[in-house]
Amino acid sequence: MKESEIIELTTQCGFECERAIALKHEASGREYWRLVNKSESLILCFLDPLKGDHLQFTYLADIFKSNNINAPEILMHNPKLGVTIQEDLGDNDLLEILNDSNKYELVKQSLELLNKIQVIEGLNINTLNQSDLESQINLFSEFFCGQFLKLEADDSIRKLSEKTIINLNKQPQLNCHFDYERRNLILSKDMKINIIDFQDLCIGPIGIDLAGILLDHYQPFDEVFVKESLVFYKEESNLDLGHDELFECFRWGGIQRNLRILGTLSRLYIDQNRSFRLNDLTMILQNLIDIIPSGWNCRDFLIDTVKPSLHERLKSI
């Protein structure tokens, strides 16, 4: 949307706005804008009502508030216009501010927050079933390999997908944000980590969110850091899992997540010409390769065939 259209929407919702600054446009179609006037700034989220709604987001925001989960306060929700207006938590998401000196502390806080979210009981949310997990993984073969790279995924990818589903089904199934990554964790002015974009919360394998926070799309996989962080998470969560079992939860959650995201970002480019995250594909693919167990044939296929094809494809865009 244009700035003038956002300002008009804001006026219809009963708020004053001198400027509207575009922040991000999500894969879901949600647009985030910062509303600025003389006294304060707020965040507006717009989603075309024909494409979806904010009902689950506002429901969960209330649940989080009652469970002392740090999240933005919803100031207004207009379903007809497809708008929520929220508290502005600032720009200090962990993707921007995390560094070698603070990463252990901030990731520990993030894992504490994740544990609090995971154990909330009685939520009206969907459960990720085997069909969901399979269709998400298949985005890799269909869109990333098939349509984006013009490659046929070989049988080793099928075997990897099957093993991933088996391992995910064995994991503890708890509340799952489904995109618990550093872009969605914001350090507010009072130095508390807040969670955003939680409308897709579901019941799912614990490894998916662990991979979200510990397997960064913008940094190489750091096995030492991951294992040390999982030691802390185990102490916080009291799950009846050994350290090696917990790492396997992370591993297979990361494999599923990276296969899915490679496919999703490729589909966004193919269907909507949205190239804004194509540069992330190289690191996501490399991290996928690095967490696959050694000795798996799919590693050779990804290294020898997929990586060079991706390099050439990105050069051509």
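The values are calculated or read from the model by the stated rules, or taken from the named source; none is laboratory data. What you are looking at is a predicted structure, and each value in this text was computed from that prediction instead of being measured. All Cβ positions, even for glycine, are placed from backbone atoms using ideal geometry, and neighbour counts span all protein chains on display. With ligands, DNA and RNA removed, areas are computed over all heavy atoms of the protein, side chains included. Shrake-Rupley method; radii C 1.70, N 1.55, O 1.52, S 1.80 Å.
For the reader, a short list of remarks on this structure follows.
- Flag for Leu42 being more than 22 Å from the chain's Cα centre (by Cα) and hydrophobic (A, V, I, L, M, F, W, C): yes
- If the condition is being part of a helix (DSSP H, G or I) and more than 25 Å from Glu248 (Cβ to Cβ), then segment 270-302 contributes Ile270, Asp271, Gln272, Leu278, Asn279, Asp280, Leu281, Thr282.
- Of all residues in segment 199-238, those satisfying the criterion of being assigned to a helix (DSSP H, G or I), crowded, with 17+ Cβ neighbours inside 10 Å and of a type in the set (A, V, I, L, M) are Ile206, Ile208, Leu210, Ala211, Ile213, Leu214, Val226, Leu230.
- Test: Leu151 is open to solvent by 20 Å² or more (accessible area, probe 1.4 Å), within 18 Å of Asn297 (Cα to Cα), in contact with a helix residue (DSSP H, G or I) (Cβ under 6 Å, 6 or more places away or on another chain) and at pLDDT 95 or above: yes
- Residue under evaluation Gln118, criteria (1) over 26 Å from Leu281 (Cα atoms); (2) polar (S, T, N, Q); (3) open to solvent by 20 Å² or more (accessible area, probe 1.4 Å), criterion not met: (3)
- Residue match in segment 177-189 (condition: more than 23 Å from Arg30 (Cβ to Cβ), open to solvent by 30 Å² or more (accessible area, probe 1.4 Å) and not in a helix (DSSP H, G or I)): yes
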